[in-house]
Structures are given as structure tokens and as C-alpha cells.
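Worksheet for the structure shown next.
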Amino acid sequence: MQYLKMLPYQIRKAIEDNTPVVLPLGVVEYHAEHLPLGVDTFVVQNIIERVENRRNELIVLPTFYYGSASNAVAAPEGHGTVNVDAKNIMPVAEDIFRGLLRVGFRNIHAFVAHQTEEFYQGMPTDLAFRFAGRQVVMEYLDKTAGEGWWGTEKYSSYYSGNNNPFSWIQVHPVRFVEETAKRFKGDHAGLLETSETMAMYPDLVEIDRIDGALWYARPAKEANAEYGEAALEACSQDMEKLLFG
């Protein structure tokens, strides 16, 4: 279900059922000369759409497009990258999560496909949303349960995982399962991302523009839609298991 198309009674039912709510996180970034600027965003959206097609009850929030892309790959001039500083993203992310908690959701998941190779240490976009999620949950608990909430009897099962409010908001890379990450190794405008784009938007891929000048794009010459389709589908299966068990 697309959140913007929901009616209030559907939202109330979703809250009652603790339905998963997903937030696609994207960036606007140069992906060599043969791929469009929205690759990372398209990947997340496509994977989530596959899960939604199988699980109609899934709630999909509007995509957040303007992540912290960085200019590490290329200067933005003439290349198209729009980089938003993570410190400016954080207050927006806080307001998004604050709003979702006030609506009543307690099963919120954001997914990102950008710079996930260092996810567990963190990169700017995911760190901004991860920190925002923690901050907002802590703020909400202090406000609604009062200071000292963790020390009350109600939260005595905290360490067993039975009553952990920090599970209300979680941020994940799209390839969070180790086996899938090994099978489909992340890259930038290389074999994987080019193959995924071929599977999603073949008309947006112009392989002939690869001239070998960019080292990270050279493997894209071997890209094919079948590999991209397999990668997207594997991630969607992993995501469905995470969200629905």
C-alpha cells in the first residue's frame, strides 16, 4: 500500500496490526557516463515494490531522494550529483520519524542502497537516519513514559528483546544478508549496478558510453539483465523475510 493513497481507517488498522512501514532512501549521484543519476534510488524502490506486490499490506512511504551522495566519485559540475550534507538531513529525518511515531507506527524500516560497503561503521546517509531514529525514540520515551523509563519494571525484559522500543525504527542496507552480499558484490556503476539498471530500465543504459577511462565502470561491460534481475529478486526475498518473518 502506498502511504499517500491510504485512508485513515486503513492507517488505524495498520497500527493495530503492527504492519511494517518502509521508507526508501535514495541519492542523486553520478554513475559514470552510461547510467542515470537515480540508480541507487531505483534499486531500493524496485526491491520494495517486489515485496509490496507479494504483500499488499506493506506500507510504502514516499521516497526520500536527497541523501548525502558525497562528491567522492566526481565533482558535481557537469556530472549531476546533488549532495546534501548529512547534518542537514538529520533534522529532517528526525521530523519524519517523529511524525510516524505520533501517527502510531512501531514497525518502521528504512532501506538504503548507497555506500553500504561500510554500513556497520556507517556512511553519511544511513548514519543521519540511524542517529535520527535513535534520538527520536529516546525523546519519545522520555516524553511519554517519563525519565527513568528503562529502569521501570515494565522494561525488565529489555535485554531479552521482548520489549525493546529501539526496534520501532530500523535502518538497513538492501543487501543485509551475508550470503546475498557475497553473491552480488556491491559496486559503483560496475557489473552489479549496471545489471540491475538493465533489469529495471534497459532504455536508460548506454553501454557504448563506457570507454575504459573510469576504473570502477570497466566491469560494466560484462553486465546483463539476468544478473541484475537475480540480484534484485534475492534482495526482495531477504527483505520480505525480515519484515514478515
Q | Nearby lysines by direct alpha-carbon distance to residue 185 (threshold 23 angstrom, same-chain neighbours under 8 apart not counted) | A | 221, 241
Q: Name the long-range amide H neighbours of residue 109: under 5 Å, sequence gap of 5 or more, or other chain; modelled H, no Pro or chain starts.
A: 21, 22, 23, 170
Q.
Taking the 0 to 90 degree range and rounding to the nearest ten, how far is the long axis of helix 191-200 tilted relative to the main principal axis of the chain, both from C-alpha atoms?
A. 80
Q. With springs only between Cα atoms under 10 Å, which of 158, 66, 227 fluctuates most in a Gaussian network model of the chain?
A. 158
**Q.** residue 95/residue 167 FRET efficiency (R0 30 Å; Cβ-Cβ; nearest 0.05)
**A.** 0.90
Q: Sticking with the crude label model, points 7 Å out along Cα→Cβ, report the distance from residue 4 to residue 56 in nm, one decimal please.
A: 2.2
**Q.** Taking 79, 114, 109 and counting other C-beta atoms within 10 Å, the order from fewest to most
**A.** 79, 109, 114
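Between beta-carbons, use under 11 Å as the cut-off and find the net charge around residue 112, counting Lys and Arg +1, Asp and Glu -1.
Values: positive: 130, 175; negative: 40, 126.
Overall, the nearby charge balance is 0.
Quick check: residue separation of residue 226 and residue 143 times 0.36 nm, minus the Cα distance between them. What number comes out in nm?
On the way: separation 83, 0.36 × 83 = 29.88 nm, distance 5.04 nm.
So the chain would gain 24.8 nm between residue 226 and residue 143.
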Q: Take the Cβ-Cβ distance between residue 207 and residue 187 as r, set R0 to 22 Å, and report the resulting FRET efficiency rounded to the nearest 0.05.
A: 0.90
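Would you list 152, 81 from fewest to most Cβ contacts within 10 Å?
Values: 152 10, 81 19.
Fewest to most other Cβ atoms nearby, the residues stand as 152, 81.
For the chain, what is the mean residue ellipticity at 222 nm derived from helices alone (per DSSP H run of n ≥ 4: -39500 (n - 2.57); sum divided by total residues; nearest 500 deg cm²/dmol)?
Values: 7 runs with 101 residues, N = 245.
Computed ellipticity for the chain at 222 nm equals -13500 deg cm²/dmol.
Charges only on Cβ, +1 for Lys and Arg, -1 for Asp and Glu: so what's the dipole of segment 3-177 about the Cα centre, in debye to the nearest 20?
Values: 15 positive and 19 negative charges, 135 e Å.
Charge dipole of segment 3-177: 640 debye, to the nearest 20.
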**Q.** Fluctuation leader among 196, 117, 139 - the chain, Gaussian network, Cα springs under 10 angstrom
**A.** 139
Q) Just one of (1) 0.98; (2) 1.00; (3) 0.93 is Rg/Rh (Cα atoms, Kirkwood Rh) as worked out from the coordinates here. Which one is it? A) (2)
**Q.** aspartates and glutamates with Cα under 13 Å of residue 182, excluding same-chain neighbours fewer than 8 positions away
**A.** 117
**Q.** Within straight-line cross-link reach of residue 87, lysines at Cα separation under 28 Å, skipping those fewer than 8 residues along the same chain
**A.** 143
Q: Grab the Cα-Cα distance for residue 72 and residue 216, subtract it from 0.36 nm times how many residues apart they are, and report the gain in nm with one decimal.
A: 50.6 nm
Q: Would you kindly state how much longer the chain becomes between residue 120 and residue 160 on full extension, computed as 0.36 nm times their sequence separation minus their alpha carbon distance, in nm to one decimal?
A: 12.2 nm
Q.
How would 149, 215 line up from fewest to most surrounding beta-carbon atoms within 10 angstrom?
A. 215, 149
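Every number here is computed from the coordinates shown, using simple stated rules; none is lab data. Bear in mind that the values here come from a model prediction, so they are computed numbers and not experimental data. Quick reminder, even Gly has a Cβ in these numbers, built from the backbone with ideal geometry, and neighbours come from all protein chains shown.
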